[in-house]
Amino acid sequence: MSVLDEIGGYLALAGLASSSGAGGYTLVQHWLPDSTALPNKTVALIETGGAPPSLPLELDHPGFQVQVRGEPVTRVATTFTDTRAQADAIFAALHGLGPKTLPSTSAAASRYYPFIAANHSPALLHVDPVGRPVMVCNFTATRSRT
């Protein structure tokens, strides 16, 4: 099972994003295209390089990135503020989380996470061609294989 399934499950339970868009932000587990194929308000979970596994312990250290995209800046005056607030809420929910067993968005069993840490605070990645701000934050998790 993917770390993205478990992080996505946790964010859905926390009401921060879901695959249905309930709560205001749609959750995807892949890159965030600059197209209009997805809703403006989208949270993307992307696998990144993590740290080497711990030996002989049964621990992995996967990395993942959270990208939060908001409404086009031209539509709402508070768009950037709203997008930052959502990125900050996800940062607060994930940074320092643990020890915790996280649910999954798939049918596979949940996994135990001793710790999840942000590598930095949320930051503006860019404004896409449609004018939507995209905030980003990278994380490293400690995840049990058993």
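Report, ordered by the first and then the second residue, all pairs with beta carbons closer than 6 Å, sequence separation of six or more or different chains, a first member in region 111-127 that is among the basic types (Lys, Arg), and a second member that is outside any strand (DSSP E or B).
These pairs meet every condition: Arg111/Glu6.
Please work out if Phe80 is of a type in the set (Phe, Trp, Tyr) and more than 12 Å from the chain's Cα centre (by Cα).
Spelling it out, Phe80 is indeed of a type in the set (Phe, Trp, Tyr) and more than 12 Å from the chain's Cα centre (by Cα).
Of everything in region 102-146, what is part of a strand (DSSP E or B), among the small types (Gly, Ala, Ser) and at pLDDT 95 or above? Give them in sequence order.
Ala117, Ala118, Ala123, Ala141
Consider only pairs whose beta carbons are under 6 Å apart and that are at least six residues apart or on different chains; among these, list those whose first residue lies in region 25-39 and is under 17 Å from Ile90 (Cβ atoms) and whose second residue is exposed (fewer than 13 other Cβ atoms within 10 Å of the Cβ) and of a type outside the set (Val, Ile, Thr).
Leu27/Ser19
Examine region 20-34 for a residue that is within 20 Å of Leu4 (Cα to Cα) and acidic (Asp, Glu), and state whether such a residue exists.
no
Could you tell me which numbered condition Gly63 fails, if it satisfies all but one of (1) small (Gly, Ala, Ser); (2) under 17 Å from Ala117 (Cβ atoms); (3) surrounded by fewer than 16 Cβ atoms within 10 Å (Cβ to Cβ)?
(3)
Restricting attention to region 4-23, which residues are in contact (Cβ under 8 Å) with a residue 24 or more places away in the chain, small (Gly, Ala, Ser) and over 14 Å from Leu102 (Cα atoms)?
Let us first name the residues in region 4-23 that are in contact (Cβ under 8 Å) with a residue 24 or more places away in the chain, namely 4-14, 16-17, 19.
Remaining after also requiring small (Gly, Ala, Ser): 8-9, 12, 14, 17, 19.
Result: Ala17, Ser19.
The values are calculated or read from the model by the stated rules, or taken from the named source; none is laboratory data. Being a predicted model, the structure only gives us computed values, none of them experimental. Positions of Cβ are backbone-derived with ideal geometry, glycine not excepted, and every protein chain shown enters the neighbour counts.
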